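Reading through the structure tokens given below for one structure.
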Amino acid sequence: MFRACRQLGLKTVAVFSEADRGALHVRDADEAVAIGGAPARESYLNAERILAAARHARADAIHPGYGFLSENWRFADAVHRAGLEFIGPRPEAIRKMGDKIEARRLMAAAGVPVLPGSFEPVADVGGAEAVARDVGFPVFLKAAAGGGGIGMARVDKPTDLAGAFAMATRRAQAAFGTGALYVERYLERPRHVEIQVFGDSSGQIVHLYERECSIQRRHQKLVEESPAPNLPPPSKTGLATAAVAGARAIGYTNAGTMEFLVDEGGGFYFLEMNTRLQVEHPVTEEVTGLDLVVAQLRVASGEPLPWSQSEIVQRRVAIECRVYAEDPSKGFLPSPGTVQRLDLPSGEGIRIESGVEAGSTVSVHYDSLLLKLITHGATRQEALERMVDALDRCVVEGLRTTIPFLRRVVASDEFKAGRVHTQLLEQGAFNA
Ligand code: MV4
């Protein structure tokens, strides 16, 4: 982000919580403003504090990053009302895609394939049962305000519906403040494939191809790559075409991602849209050679998209491994602490995006992502060999990390063959 700003001659202001006084992003910015206590509610999730910091620094625009308030349409709206530019989509697009039922309706109307299921919230168990009988068991109950896997329940038979309905409603209510649910046919062992899209204020929309993100644990992605291996060519072009049609239908601007499930036959179904730049965007940057953050800044300032569709080409293969401060031998228990030593590889085909350095403390208050290791090459084999080698050369001391686990993933027969799906981890495919 700051790199992109510098490239465009823009000055940068970081905001930081009490826990992040000495953080890397604070030193990387031209200026930094304290916004409150370590708990995110008191700082990074506090819209008022962030707007006050922006006014104090006389900022022109806010980049919301990728967690916290980045998909909060009320925040985007408040940024505009404060006379600032929000570097992302319009609040209306964020709001529409945040309602997962409305998103399903809008995408289906735009001709984007969705899974059979309900297009209204199901009012009660009886309503859910009617839809389930119609589309066939197993079904998935999902939270209307959900995303990221909270408030979901698989239901295999009618007698399980009442219990699952009550539990999913309770969880959704607790997490989102509304217990509304909808029903979808359940897809077994799907792949998660997403399409990067980009729109500008003149209505132009392009896609930057797909990312395969099936290697996840509890809805946290661990490994992503592009191009998606073993994706049938008709699915690949169909996904991209559908994603652009969907984004166009809502007048989407700036960077966004359309998430799909892909079944064993190559059939694909819209899942949800992420209305922000994602953690895994470097994969797409390395494949295409394009800078997505620079494009975000240009488009937010009213400029047209810097590239036409025909200029966007998958030139290379890229893989990203997310290194978290978690202990894979203890069920991925968070491992906060101080990074005592950090030696990271560098060289041809290696890119590292690190949020830490030697001496950094990793607090319990935030997501435990330490760094992203991205390798790229002319072929998947080359990118993969570089990843194995790069993981072997990473030295992180002072806390436990996911590196040993990632090493097993990328060296596994399943991954090497590109035979991935979302249930591989649970099946124990990468256990020691
Ligand atoms: C599904 C599904 C199977 N069938 N929907 C998980 C998170 C949320 N975004 C949607 N998710 C899923 N929805 C139907 N109808 C399987 C998952 C799913 C999953 C999806 C993407 C990546 C990893 C996953 C892990 C478990 C379940």
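Figures for the structure shown
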{"read-out": "Extreme residue, nearest to the ligand (Cβ to nearest atom), among residues of the stretch 385-395 that are closer than 22 Å to Val283 by Cβ and surrounded by fewer than 21 Cβ atoms within 10 Å (Cβ to Cβ)", "value": "Val388"}
{"read-out": "Pairs, first free of Cβ contacts under 8 Å to residues at least 40 places away in the same chain in the stretch 411-432, second within 16 Å of the ligand (Cβ to nearest atom) and assigned to a loop (DSSP other than H, G, I, E, B), C-beta under 7 Å, six or more apart", "value": "Ser412/Ala429; Ser412/Phe430; Glu414/Val420; Glu414/Leu424; Glu414/Ala429"}
{"read-out": "Single residue of Ala123, Ala144, Ala162 found to be within 16 Å of the ligand (Cβ to nearest atom) and within 23 Å of Ala174 (Cα to Cα)", "value": "Ala144"}
{"read-out": "Residue list for the stretch 175-197, filter: near the ligand (Cβ under 6 Å from one of its atoms) and hydroxyl-bearing (Ser, Thr, Tyr)", "value": "Tyr186"}
{"read-out": "Per-region count, the stretch 243-280, residues free of Cβ contacts under 8 Å to residues at least 60 places away in the same chain and touching a Cys at 6+ places or on another chain (Cβ under 7 Å)", "value": "0"}
{"read-out": "Hits in the stretch 226-245 (condition: closer than 21 Å to Glu285 by Cα, within 21 Å of the chain's Cα centre (by Cα) and assigned to a helix (DSSP H, G or I))", "value": "Lys236, Leu239, Ala240, Thr241, Ala243, Val244"}
{"read-out": "Single match in Arg407, Arg380 (criterion: closer than 23 Å to Val262 by Cβ and surrounded by 15 or more Cβ atoms within 10 Å (Cβ to Cβ))", "value": "Arg380"}
{"read-out": "The stretch 1-25, residues that are closer than 21 Å to Glu357 by Cβ and polar (S, T, N, Q)", "value": "Thr12, Ser17"}
{"read-out": "Any strands (runs of 3 or more DSSP E) falling wholly within the stretch 93-209 and containing at least 3 residues that are at pLDDT 95 or above and crowded, with 20+ Cβ neighbours inside 10 Å", "value": "139-143, 181-185, 191-199"}
{"read-out": "Hits in the stretch 267-305 (condition: more than 16 Å from the ligand (Cβ to nearest atom) and among the small types (Gly, Ala, Ser))", "value": "Gly289, Ala295, Ala300, Ser301, Gly302"}
{"read-out": "Lone qualifier among Gly256, Gly289 - being among the small types (Gly, Ala, Ser), within 30 Å of Tyr324 (Cα to Cα) and touching a Pro at 6+ places or on another chain (Cβ under 8 Å)", "value": "Gly256"}
{"read-out": "Sole residue being of a type in the set (Ser, Thr, Tyr) and within 16 Å of the ligand (Cβ to nearest atom), chosen from Thr253, Thr237, Thr241, Thr257", "value": "Thr257"}
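The values are calculated or read from the model by the stated rules, or taken from the named source; none is laboratory data. Note that this is a predicted model, so its numbers are computed, not measured. Please note: Cβ atoms are built from the backbone with ideal geometry, for glycine as well, and neighbour counts cover all protein chains shown.
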